[in-house]
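Novice: Quick one: this structure, given as structure tokens, is what I'll be asking you about.
What follows draws every value from the coordinates through simple rules; no lab data is involved. Small disclaimer: the values here were computed from a predicted structure and weren't measured. Ideal geometry is used to build each Cβ from the backbone, glycine not excepted, and the neighbour counts take in all protein chains shown.
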Amino acid sequence: MAKEQSFEEMMVELEKVVGKLDEENISLEESIELYQRGIELSSKCELKLKEAEDKVNKLVQKEGASDESNHE
């Protein structure tokens, strides 16, 4: 089983996909495959960002609750 790519690795691959799509000399089939891969990577990156945002929000809420209990 392949290891899951990190957010940074997916972003690098997405940049490569976009670069290849900008080339004028790729076939229609290749451009469709690249487009599909780009959509997949974009969705995974969006999910990773959402997960990170949720973690940060939980930490901020936890810190806020801790600060309130220290001031009482």
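Novice: Only four residue types carry charge here, +1 at the Cβ of Lys and Arg and -1 at the Cβ of Asp and Glu. Report the dipole size of the chain about the Cα centre in Debye, rounded to the nearest 20.
Specialist: Working: 10 positive and 20 negative charges, 47 e Å.
Rounded to the nearest 20 debye, it is 220 debye.
Novice: Restricting attention to the alpha-carbon atoms of the chain, what are Rg (one decimal) and Dmax (integer), both in Å?
Specialist: 19.4, 68
Novice: Output the 0 to 90 degree angle, nearest 10, between the alpha-carbon long axis of helix 7-22 and the longest principal axis computed from the alpha carbons of the chain.
Specialist: 30
Novice: Ok, one more. Count charges around Ile26 for me, please; just the other residues with Cβ under 14 Å from its Cβ, Lys/Arg as +1, Asp/Glu as -1.
Specialist: Details: positive: Lys16, Lys20, Arg37; negative: Asp22, Glu23, Glu24, Glu29, Glu30, Glu33.
Neighbour charge sum, excluding Ile26 itself: -3.
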